[in-house]
Amino acid sequence: NQQKQPIRCKAAVCRKPGEPLIIEEIFVAPPMPREARIRIICTSLCHSDIIFWNMQGPPAIVPRILGHEAIGVVESVGEDVTELTKGDTVIPIFMADCEECIDCKSTKSNLCSKFPFEISPSMIRYDTSRFTDLNGEIIHHFLFVSSFSEYTVVDIANLLKIDPAVPPNRACLLSCGVSTGVGAAWKTANVEPGSTVAIFGLGCIGLAVAEGARLCGATRIIGVDIKPEKFEIGKKFGITDFVHAGECENKSVSQVIIEMTGGGADYCFECVGMASLVHEAYASCRKGWGKTIMLGVDKPGSKVSINSNDILFQGKTLMGSIFGGLKPKTDVPILFKRYMDKELNLDEFVTHEVKFKDINKAFDLLVKGECLRCVIWM
Ligand code: CXF
Ligand code: ZN
């Protein structure tokens, strides 16, 4: 049986942290029960790939295959897979959705308890790898996806079947970054029509929050960034006002936002991953009902410090949001529909496209902050 054989194909392997990926031939083992082997069509580069590419030591171990924002076609399925079949178009999602645990059954959570999210070098269900190099050495996985490979193996809990009519270089964006930002506005914050929103950091995630806030009917969307050129880009995503952080004379950003809004924004989003900025975002949201949502990932162990009486007397909320609070199997299909109905703007996020052999160019562009999303075609 052809499908039970390992596949020999090309992958971009991270062998040393922070050094260019090496395109080499590898073997991809057949899928185990409840897994599928996927042929990647295209993948895009997310900032988390850069963070873990640069990280020295655990949980980032080499050699491994990075990449987690992608779209592909099912090449074969393991035993006990009824949900998917060969030829289906799928997107991988690093957050599992087993559809049967208490969290997956609740509309209030996207944190699967059967397969909790972790930075693991293995498959989510088995603690083993499906990749080996030509010397038989193990190559590790990343975020249960490892899409910088012509073929990969992904658990059924991490796969969403999608309509093959969606252009692949748009569909892949809903696999991580854009979904995370849009979801944070829609699901985590539940932004209401007429709201004022402040977004700290106008990279892909922050701009996706703006897009989500616009879809929710926010009327004022304030972007905060240290680069003034981000305002022009932000306008395409519905940013109405801009605060140039670092150039606020002798005021803090929160003082500026409180003055602009007559008391603070209804919703603030931290999209950089700086604990000190969470403090500033929290200070920028309105007493009584203000909500601050953390999306950025700071260094492990970093602390957010907020005066306890501020929390007690101001009645504000501070929330974390992973994958925008979206439930992969039920909420992401709604985003696909909104894209196909021409409501959700994905096109503007794709600023660059390269061939797989040029994957290291995509890294250069994102590291230099010159792109939002670079699509890498296999
Ligand atoms: C991130 C979310 C926080 C942990 C690392 C991965 N997700 C995707 O980019
Ligand atoms: Zn990502």
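The values are calculated or read from the model by the stated rules, or taken from the named source; none is laboratory data. Quick caveat, the model's predicted, so the values are computed rather than measured. All Cβ positions, even for glycine, are placed from backbone atoms using ideal geometry, and neighbour counts span all protein chains on display. Just the protein is used for accessible areas: all its heavy atoms, side chains included, with ligands, DNA and RNA removed. Shrake-Rupley method; radii C 1.70, N 1.55, O 1.52, S 1.80 Å.
Per-structure values
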{"quantity": "Volume in Å³ per residue [convex hull over Cα atoms, computed for the range 271-326]", "calculated": "79"}
{"quantity": "Average accessible surface area per residue within the range 64-223, 1.4 Å rolling probe, Å²", "calculated": "33"}
{"quantity": "For the range 295-378, the spread of Cα positions along each principal axis, largest first, Å", "calculated": "54, 34, 21"}
{"quantity": "Net charge over other residues, Cβ less than 13 angstrom from the Cβ of GLU270 (K, R count +1; D, E count -1)", "calculated": "-2"}
{"quantity": "Coil-residue GluC sites (Glu not before Pro) of the range 35-94, DSSP, other Cβ within 10 Å capped at 12", "calculated": "GLU79"}
{"quantity": "Rg/Rh (Cα only; Kirkwood hydrodynamic radius) as it applies to the chain", "calculated": "0.98"}
{"quantity": "The chain: calculated mean residue ellipticity at 222 nm from DSSP helix runs of at least 4, using -39500 (n - 2.57)", "calculated": "-6000 deg cm²/dmol"}
{"quantity": "Ordering of 106-116, 84-94, 170-180, 292-302 by packing [mean C-beta count within 10 Å, highest first]", "calculated": "170-180, 84-94, 292-302, 106-116"}
{"quantity": "Stretch gain in nm, segment MET319-ILE226, where the contour uses 0.36 nm per residue and the Cα spacing is subtracted", "calculated": "31.1 nm"}
{"quantity": "Portion, in percent, of the accessible area of the range 241-378 that falls on carbon or sulfur, probe 1.4 Å", "calculated": "54"}
{"quantity": "Accessible surface, 1.4 Å probe, highest first, among residues ARG37, ARG220", "calculated": "ARG220, ARG37"}
